[in-house]
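Participant: To start, I am sharing the structure in question, which I have written as structure tokens.
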Amino acid sequence: MAKKYISQEDLKTHNTSGDLWISIQNKVYDVSEWSKHHPGGDLPLLTLAGQDVTDAFVAYHPTSAWLYLDRFFTGYHLTGNSVSQVSSDYRKLVAEFSKMGLFETRGHRMMYTLCFLTTLFVTSVSGVLCSDSTWLHLFSGVLMGFFWIQCGWVGHDSGHHQVMKNRTFVHFMQLIVGNCLSGISIAWWKREHNAHHIACNSLDFDPDIQSIPIFAVSNRLFNSLKSQFYDRMMNFNSIARFLVSYQHWTFYPVACFARVNLLAQSHLLLLSKKKKVVNRKQEVIGMLVFWIWYPLLISCLPNWKERVMFVVSSFAVTGIQQVQFALNHFSSSFYVGPPCANDWFRKQTEGTLNIKNSSWMDWFYGGLNFQVEHHLFPRLPRCHLRTISPFVVELCKTHKLPYNSVSFWMANALVIGNLRSVALQARDLSKPISILVWEAVNAHG
């Protein structure tokens, strides 16, 4: 039987939720119906719809996933699609790491981490219930914030399926450390984080850099772009202009209470009737558990002064993690529009920044000090990120692509420098907003 072919131009027309086609190694698949059941949600598929997504597919899926593709095959093969040398080398590297067994999970490591989390939680709660010391109560609040940071790393690893093979146990663990103990919906995290990975540093597709009206990481946001993730306009009005004008001063204070936004976004998703949430009832029950034990714990403190102190200290400490997230992306390259799947490797390296540190500090960063490696190989357990780093450096060097890695302090300086640069542009009162928009539209790079 003769093969049927489809051009790239025709493939691009199949880019809606009801008509969603993709190509993997030049075989075209109709995933319109599957997008409703896709474990990673529908957003990654919609974002890359009508393209060859081979690089993204090999990055996010184990070899077993290839066995399920035939059920979606349309019978068409893609023509005119050339594979770049960097994509070819990247796919070879993924295959090589797979042969080395690097993608295999290591459950015993997670058990050690869970024991550590239990120790932190019990110590923090005991400090509140078993002592009358104000200083110990303050320390317990700090410890609770540190506990939430570590829960965040566990939630991150498990969300990428890096921890254990038993999916049922992984899901249960996510609900416990995320919803029940941290008050953060794992469903919200997966939806937001997958969108971030697929469209790393796209100003209108990546929710991690959409902080208008508080922050603007690029002057192109002066154009009041539409957030494809939140499905709303990011209006750069007079209020946004004022707040952005001082963002290099407010960055750290806001980070201390960014957790409030995570809680709010979690609740908004679970209460939304428009968005599909897998296991919504379980997610809601988990959130209710959090809002029972945390207020009860606070009520055990002797007075309102100490209660406020405990809440503020526990929230403020989590600001460390929010700063860590920002360091990896806020000073990197940005672009407008959907990601180009054939440009996967370059976009991931250009939009990320590594943090140099000693190996004994990897736990503190949750492994995300190797942000470039993590974005290129998101399924890889964090314990292997340092191991593969030389291979990634060599591949970037071969293809003359950026591999940005700086110290923690330099990363902070770069972020503040970028925020200050954008702030000064927003602060220039000689230019009304309409002129700033014109400059943003005509900006290059």
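The values are calculated or read from the model by the stated rules, or taken from the named source; none is laboratory data. Because the structure is a prediction, the values reported are computed rather than measured. Positions of Cβ are backbone-derived with ideal geometry, glycine not excepted, and every protein chain shown enters the neighbour counts. The protein model used for the area step is the full one, side chains on, heavy atoms only, and it has no ligands, DNA or RNA in it. Shrake-Rupley method; radii C 1.70, N 1.55, O 1.52, S 1.80 Å.
Participant: If we scan segment 187-202, do we find a residue that is of a type in the set (D, E, K, R), over 20 Å from Gly366 (Cα atoms), open to solvent by less than 20 Å² (accessible area, probe 1.4 Å) and at pLDDT 90 or above?
Facilitator: The answer is no; no qualifying residue exists.
Participant: If you scan segment 214-228, which residues turn out to be closer than 16 Å to His329 by Cβ, aliphatic (A, V, I, L, M) and open to solvent by less than 30 Å² (accessible area, probe 1.4 Å)?
Facilitator: Hits for segment 214-228 are Ala216, Val217, Leu221.
Participant: Oh, and also: Just give me the residues in segment 348-373 being part of a helix (DSSP H, G or I) and either among the β-branched types (Val, Ile, Thr) or surrounded by 22 or more Cβ atoms within 10 Å (Cβ to Cβ) (or both), in sequence order.
Facilitator: Within segment 348-373, the first condition is being part of a helix (DSSP H, G or I), and the residues that meet it are 348-350, 359-365, 368-373.
Correct list: Gln348, Thr349, Leu368, Asn369, Phe370, Gln371, Val372, Glu373.
Participant: Taking segment 229-254 on its own, how many of its residues are more than 22 Å from Leu46 (Cα to Cα) and open to solvent by 20 Å² or more (accessible area, probe 1.4 Å)?
Facilitator: To start, the set of residues in segment 229-254 that are more than 22 Å from Leu46 (Cα to Cα) comprises 235-254.
Now restrict to residues that are open to solvent by 20 Å² or more (accessible area, probe 1.4 Å): 235, 237-239, 241-243, 246, 248-250, 252-254.
Total satisfying the criteria: 14.
Participant: Report whether or not Val284 is aliphatic (A, V, I, L, M), part of a helix (DSSP H, G or I), within 18 Å of Trp189 (Cα to Cα) and open to solvent by 50 Å² or more (accessible area, probe 1.4 Å).
Facilitator: Numbers: aliphatic (A, V, I, L, M): yes; part of a helix (DSSP H, G or I): yes; within 18 Å of Trp189 (Cα to Cα): yes; open to solvent by 50 Å² or more (accessible area, probe 1.4 Å): yes.
So Val284 fits the description; yes.
Participant: Now for a different question. Need the failing condition index for Trp293 against (1) of a type in the set (Phe, Trp, Tyr); (2) at pLDDT below 95; (3) surrounded by fewer than 20 Cβ atoms within 10 Å (Cβ to Cβ), just the number.
Facilitator: Only one criterion is unmet by Trp293, namely (2).
Participant: Applying the selection to segment 27-79, what residues are open to solvent by 50 Å² or more (accessible area, probe 1.4 Å), assigned to a loop (DSSP other than H, G, I, E, B) and more than 22 Å from Cys200 (Cβ to Cβ)?
Facilitator: Glu33, His37
Participant: Here's another thing I want to ask about it. Can you name every residue in segment 398-413 that is closer than 16 Å to His374 by Cβ and out of contact with any helix residue (DSSP H, G or I) (no Cβ under 9 Å at 6 or more places or on another chain)?
Facilitator: none
Participant: Can you name every one of the helices (runs of 4 or more DSSP H) wholly within segment 163-278 that holds 2 or more residues which are under 30 Å from Leu297 (Cβ atoms), within 20 Å of the chain's Cα centre (by Cα) and without any contact (Cβ under 8 Å) to a residue 24 or more places away in the chain? Spell out how you get there, then give the answer.
Facilitator: Working: elements: 167-174, 186-198, 238-244, 247-256, 259-271.
It comes to 167-174, 259-271.
Here is a yes/no grid of residues against (1) over 22 Å from Ile209 (Cβ atoms); (2) within 20 Å of the chain's Cα centre (by Cα):
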position: Leu327; (1), (2): no, yes
position: Ser332; (1), (2): no, yes
position: Asn357; (1), (2): yes, no
position: Trp360; (1), (2): yes, no
position: Val372; (1), (2): no, yes
position: Cys383; (1), (2): yes, yes
position: Pro390; (1), (2): yes, no
position: Tyr403; (1), (2): no, yes
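Participant: Quick check on my filter: what residues within segment 13-26 are loosely packed, with under 14 Cβ neighbours inside 10 Å and either in contact with a strand residue (DSSP E or B) (Cβ under 9 Å, 6 or more places away or on another chain) or more than 21 Å from Gly75 (Cα to Cα) (or both)?
Facilitator: Step one: of segment 13-26, the residues loosely packed, with under 14 Cβ neighbours inside 10 Å are 13, 16-19.
Once the filter is applied, which keeps residues that are loosely packed, with under 14 Cβ neighbours inside 10 Å and either in contact with a strand residue (DSSP E or B) (Cβ under 9 Å, 6 or more places away or on another chain) or more than 21 Å from Gly75 (Cα to Cα) (or both), segment 13-26 yields Thr13, Asp19.
Participant: Would you please list the contacts, defined by Cβ atoms under 7 Å and residues six or more apart or on different chains, that run from a residue in segment 377-406 that is of a type in the set (Gly, Ala, Ser) to a residue that is open to solvent by less than 20 Å² (accessible area, probe 1.4 Å) and not in a helix (DSSP H, G or I)?
Facilitator: Ser405/Asn354
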